[in-house]
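One structure is given below, encoded as structure tokens.
The values are calculated or read from the model by the stated rules, or taken from the named source; none is laboratory data. Just so we're clear, the structure is a prediction, and the values are computed from it rather than from any experiment. Ideal geometry is used to build each Cβ from the backbone, glycine not excepted, and the neighbour counts take in all protein chains shown. These area figures cover heavy atoms from the full protein model, side chains too; ligands, DNA and RNA do not enter into them. Shrake-Rupley method; radii C 1.70, N 1.55, O 1.52, S 1.80 Å.
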Amino acid sequence: AQSVTQPDIHITVSEGASLELRCNYSYGATPYLFWYVQSPGQGLQLLLKYFSGDTLVQGIKGFEAEFKRSQSSFNLRKPSVHWSDAAEYFCAVGRTASKLTFGTGTRLQVTL
Amino acid sequence: GAGVSQTPSNKVTEKGKYVELRCDPISGHTALYWYRQSLGQGPEFLIYFQGTGAADDSGLPNDRFFAVRPEGSVSTLKIQRTERGDSAVYLCASSLTGTGSDTQYFGPGTRLTVL
């Protein structure tokens, strides 16, 4: 069965600091991996996705993620966080983009 | 263009009642998905439609839950004999084909509260 672990429930960073959100997955084959962001009262918005090819994926809003097969990880990074990045971030895994399995999320707080 | 819309945005009902939640996908998207997000959790898959048919309903928790998509566009999630444990945000998503490198676009959700 596929599963996703986001070990950090809550992270606080200062505005302008770098960010890394961790995601580990369990999947029987090469997975499709996603990062979504959810702001209060908003729907889930796709930040980036990995299907194949280059293991470093660029997304919207300056985010990137790196797929590391040997570590079963797909960590999300941003070099300089803005206050507007405060939200909940979800990592998800799936195949043929149908049934996605999400992690429990990491809530990001940004201090000024 | 318009995104995925869901109505109502909030629904409060009493235990034992029947509820219907509606999802309007992005125009032209053949695939539609329902997820449920409980407090403090990530979305949990319920059912996936390809056109009018349910391609995967393995996430429906029991036979009180049912979903339809009769014309391959709008979908309705139906919950019979609601229980307090059904309280959650119900999310709908759609994608163009439901295959390959498709992206699922999510609606804002319906918050269901069962008293």
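Being within 14 Å of chain A (Cβ to nearest Cβ), surrounded by fewer than 22 Cβ atoms within 10 Å (Cβ to Cβ) and outside any strand (DSSP E or B) holds for only one residue in B:Gly59, B:Gly85, and it is B:Gly59. Summed over the stretch A:53-72, the residues that are in contact with a helix residue (DSSP H, G or I) (Cβ under 8 Å, 6 or more places away or on another chain) and surrounded by 15 or more Cβ atoms within 10 Å (Cβ to Cβ) give a count of 0. Residues in the stretch B:26-40: is at least one away from chain A (no Cβ under 14 Å), closer than 15 Å to B:Cys92 by Cα, more than 14 Å from the chain's Cα centre (by Cα) and assigned to a loop (DSSP other than H, G, I, E, B)? Within the stretch B:26-40, one or more residues are away from chain A (no Cβ under 14 Å), closer than 15 Å to B:Cys92 by Cα, more than 14 Å from the chain's Cα centre (by Cα) and assigned to a loop (DSSP other than H, G, I, E, B). Across the stretch B:88-101, the number of residues qualifying as open to solvent by 20 Å² or more (accessible area, probe 1.4 Å) and either in a helix (DSSP H, G or I) or at the interface with another protein chain (Cβ under 7 Å from one of its Cβ atoms) (or both) comes to 3.
Matching residues to (1) at pLDDT 95 or above; (2) among the aliphatic types (A, V, I, L, M); (3) in contact with a Pro (Cβ under 6 Å, 6 or more places away or on another chain):
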{"residue": "A:Pro31", "(1), (2), (3)": "no, no, no"}
{"residue": "A:Gly62", "(1), (2), (3)": "yes, no, no"}
{"residue": "A:Glu66", "(1), (2), (3)": "yes, no, no"}
{"residue": "A:Ser70", "(1), (2), (3)": "no, no, no"}
{"residue": "A:Lys78", "(1), (2), (3)": "yes, no, no"}
{"residue": "A:Val93", "(1), (2), (3)": "no, yes, yes"}
{"residue": "A:Thr106", "(1), (2), (3)": "yes, no, no"}
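Could you look through the stretch A:1-45, keep only residues that are of a type in the set (A, V, I, L, M, F, W, C) and out of contact with any strand residue (DSSP E or B) (no Cβ under 8 Å at 6 or more places or on another chain), and pick out the one that is nearest to the other protein chains (Cβ to nearest Cβ)?
A:Ala29
Residue-by-condition table, conditions (1) over 11 Å from the mean Cα position of the chain (by Cα); (2) within 12 Å of chain B (Cβ to nearest Cβ); (3) over 26 Å from B:Thr99 (Cβ atoms):
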site	(1), (2), (3)
A:Leu47	no, yes, no
A:Phe51	yes, yes, no
A:Thr55	yes, no, no
A:Asn75	no, no, yes
A:Phe102	no, yes, no
A:Gly105	no, yes, yes
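For the stretch B:9-25, taking the residues that are surrounded by fewer than 17 Cβ atoms within 10 Å (Cβ to Cβ) and under 12 Å from the mean Cα position of the chain (by Cα), the one that is nearest to B:Ser101 (Cα to Cα) is identified as B:Arg22.
Residue by residue, here is whether (1) touching a Ser or Thr at 6+ places or on another chain (Cβ under 8 Å); (2) in contact (Cβ under 8 Å) with a residue 12 or more places away in the chain; (3) of a type outside the set (Ser, Thr, Tyr) holds:
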| site | (1), (2), (3) |
| --- | --- |
| A:Ala17 | yes, yes, yes |
| A:Asn24 | yes, yes, yes |
| A:Trp35 | no, yes, yes |
| A:Gln38 | no, yes, yes |
| A:Gly41 | no, no, yes |
| A:Leu47 | no, yes, yes |
| A:Ser52 | yes, yes, no |
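Within the stretch A:73-103, can you find the residues that are in contact with a Phe, Trp or Tyr (Cβ under 8 Å, 6 or more places away or on another chain), in contact (Cβ under 8 Å) with a residue 24 or more places away in the chain and open to solvent by 40 Å² or more (accessible area, probe 1.4 Å)?
Residues of the stretch A:73-103 in contact with a Phe, Trp or Tyr (Cβ under 8 Å, 6 or more places away or on another chain): A:73-74, A:76-78, A:89-103.
Then drop every residue that is not in contact (Cβ under 8 Å) with a residue 24 or more places away in the chain, which leaves A:73-74, A:76-78, A:89-97, A:100-103.
Passing the criteria: A:Arg77, A:Arg95, A:Thr96.
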